[in-house]
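A.B. asks: Dropping the structure in here first, questions after.
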Amino acid sequence: MRVIVTGSSGLIGSAAVRHWDAAGDQVIGIDNDMRATFFGPDGSTRWNQSQLESETKNFRTESIDIRDREPILDLFKNEPPDLVIHCAAQPSHDKAAAIPFLDFEVNAVGTLNLLEATRQFAPDAVFCHMSTNKVYGDAPNELSLKELETRWEYANPEDYNGIDESCRIDQTMHSLFGASKTAADVLAQEYGRYFGLKTGVFRGGCLTGASHSGVELHGFLSYLVHVAVIGKPYTIFGYKGKQVRDQIECSDVVKAFEAFAKAPRPGEVYNIGGGRDNAASVLECIALIEEIGGYQLNFSLADDNRKGDHICYISDLSKLRAHYPDWDIRVSLREILGQMIASAEQKVA
């Protein structure tokens with residue numbers, strides 16, 4: 001089987017490369033290290049690309065910009081894939097406002113290029129699109145919440161499992177990143193529903209793992225661990241540090257892609273995150289880092305929250321679990337943090 005992975009040096013992309021390479025498949029990565037363009041040298045994923053190429057057996061990287069239509073079409077024409085894992089993106093909620101053209105071109109136009117290349121040259125391929133919970137904008141903040149000592153929590157019992165796929169995606173503030181990803185999300189659905197491509201859309205919560213090149217503007221948990229280990233101060237923006245996120249380790253995301261690839265449902269949408277069990281506030285994550293690694297984080301609280309930011313977001317995984325009952329969360333939040341602390345320590349050793 002031939003697998004094309006976009007954003008192959010990034011967090012989810014590299015996990016997908018490792019997974020399908022280990023299965024004996026041919027894996028072609030598309031990655032031109034745009035993350036360094038977005039976030040500077042600290043955001044670069046070249047280190048992960050080098051590591052991948054040294055570890056894998058049947059993998060190569062093509063340095064193609066997904067905005068460049070002709071090279072994408074040529075690759076799909078010459079080496080049509082059986083499976084496409086699309087993870088390449090401009091991923092920052094905040095950065096998008098400073099680079100609106102680049103953000104939209106990468107997230108929306110790049111996705112269109114890949115979908116159309118698949119339709120023209122690999123119409124039987126499965127296409128897994130890594131979307132985001134930011135397609136919901138700040139609509140999740142309309143749920144009734146209650147303030148607890150260390151977190152915000154859903155006030156109504158019926159909301160306990162979190163946000164499901166019926167949450168609206170319009171008439172809400174998204175950030176420009178959320179808007180460009182919504183365009184890509186709907187395009188991927190449409191190529192499934194209109195053209196019959198085997199597209200699946202996965203709306204991620206906080207995707208994380210030890211291979212994340214976290215920076216202040218993207219990669220919350222990775223960056224939080226990084227600043228704790230090196231002793232750098234950290235600013236929490238708004239909500240008293242009690243904003244809640246559900247964390248999912250990258251290998252659990254890839255397992256969901258694998259389950260979908262075996263039994264695709266064209267145009268279907270799934271929320272994917274750590275769910276209730278892996279949900280924690282920023283304050284609770286800081287406490288866990290100290291408990292697990294012994295690092296006391298020097299942090300301050302800023303009054304202003306990020307525009308369109310979620311106060312409490314937990315992914316309701318009911319639909320994904322119902323459609324693919326063999327899939328579930330395998331890596332706990334404590335395990336995620338332990339792995340990330342060990343990785344951060346190794347980098348500064």
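The values are calculated or read from the model by the stated rules, or taken from the named source; none is laboratory data. Since we're looking at a predicted model, the values are computed, not measured. So basically every Cβ, Gly included, is an ideal-geometry build from the backbone, and we count neighbours across all protein chains shown.
A.B. asks: Out of all the residues in the range 228-243, is one or more under 20 Å from the mean Cα position of the chain (by Cα) and under 18 Å from Trp152 (Cα atoms)?
C.D. replies: Yes, the range 228-243 contains at least one residue that is under 20 Å from the mean Cα position of the chain (by Cα) and under 18 Å from Trp152 (Cα atoms).
A.B. asks: Criterion first (of a type outside the set (Val, Ile, Thr), surrounded by fewer than 22 Cβ atoms within 10 Å (Cβ to Cβ) and free of Cβ contacts under 8 Å to residues at least 12 places away in the same chain) does Ala259 satisfy it?
C.D. replies: no
A.B. asks: Okay, moving on. Please determine whether any residue of the range 108-116 is out of contact with any Asp or Glu (no Cβ under 6 Å at 6 or more places or on another chain), assigned to a strand (DSSP E or B) and β-branched (Val, Ile, Thr).
C.D. replies: no
A.B. asks: Among what's in the range 32-51 and is in a helix (DSSP H, G or I) and surrounded by fewer than 19 Cβ atoms within 10 Å (Cβ to Cβ), pick the residue that is modelled with the lowest pLDDT.
C.D. replies: Asp42
A.B. asks: Return only the number of the condition from (1) acidic (Asp, Glu); (2) under 16 Å from the mean Cα position of the chain (by Cα); (3) farther than 30 Å from Arg306 by Cα that Asp94 does not satisfy.
C.D. replies: Every condition holds for Asp94 apart from (3).
A.B. asks: Let me ask another. With (1) at pLDDT 95 or above; (2) under 21 Å from the mean Cα position of the chain (by Cα); (3) on the phi < 0 side of the Ramachandran plot; (4) not aromatic (Phe, Trp, Tyr) as the list, and Arg69 as the residue in question, which single condition is left unmet?
C.D. replies: (2)
A.B. asks: Further question on the same structure: With the structure loaded, tell me whether Asp170 is closer than 30 Å to Leu337 by Cβ and not hydroxyl-bearing (Ser, Thr, Tyr) or whether it fails that test.
C.D. replies: no
A.B. asks: Let me ask something additional. May I ask you to list the residues in the range 16-31 that are surrounded by fewer than 24 Cβ atoms within 10 Å (Cβ to Cβ), of a type in the set (A, V, I, L, M) and within 23 Å of Gln339 (Cβ to Cβ)?
C.D. replies: Ala22, Ala23 - these are the residues of the range 16-31 that are surrounded by fewer than 24 Cβ atoms within 10 Å (Cβ to Cβ), of a type in the set (A, V, I, L, M) and within 23 Å of Gln339 (Cβ to Cβ).
A.B. asks: Scan the range 207-243 for residues that are hydroxyl-bearing (Ser, Thr, Tyr), at pLDDT below 90 and crowded, with 22+ Cβ neighbours inside 10 Å and jot them down.
C.D. replies: Ser211, Ser213, Ser222
A.B. asks: OK, next. Those residues that are of a type in the set (A, V, I, L, M) and either under 13 Å from Gly196 (Cβ atoms) or not in a helix (DSSP H, G or I) (or both), I need them from the range 253-268; list them, please.
C.D. replies: Ala263
A.B. asks: Confirm whether Phe104 is under 22 Å from Met1 (Cβ atoms), assigned to a helix (DSSP H, G or I), among the aromatic types (Phe, Trp, Tyr) and in contact (Cβ under 8 Å) with a residue 12 or more places away in the chain.
C.D. replies: No, not satisfied.
A.B. asks: Please count how many residues of the range 86-101 are touching a residue at least 40 places away in the same chain (Cβ under 8 Å) and either assigned to a helix (DSSP H, G or I) or over 21 Å from Cys206 (Cβ atoms) (or both).
C.D. replies: The qualifying residues number 5.
A.B. asks: Just the residues that are part of a helix (DSSP H, G or I) and of a type in the set (S, T, N, Q), please, taken from the range 1-18.
C.D. replies: Matches in the range 1-18: Ser14 only.
A.B. asks: Sticking with this structure for a sec: Among the residues of the range 170-182, how many are within 19 Å of Ser315 (Cβ to Cβ) and buried (at least 19 other Cβ atoms within 10 Å of the Cβ)?
C.D. replies: Matching residues across the range 170-182 total 6.
A.B. asks: Now for a separate question. Which residue is nearest to Val186 (Cα to Cα), if the candidates are limited to the range 269-284 and must be of a type in the set (A, V, I, L, M) and assigned to a helix (DSSP H, G or I)?
C.D. replies: So the residue we want is Val282.
A.B. asks: A further question follows. Assigned to a helix (DSSP H, G or I), out of contact with any His (no Cβ under 8 Å at 6 or more places or on another chain) and acidic (Asp, Glu): which single residue out of Asp65, Asp21 fits that description?
C.D. replies: Matching residue, one of Asp65, Asp21: Asp21.
A.B. asks: Looking only at the range 285-321, count every residue that is farther than 20 Å from Leu148 by Cβ, of a type in the set (A, V, I, L, M, F, W, C), modelled with pLDDT of 95 or more and assigned to a loop (DSSP other than H, G, I, E, B) and tell me the total.
C.D. replies: 1
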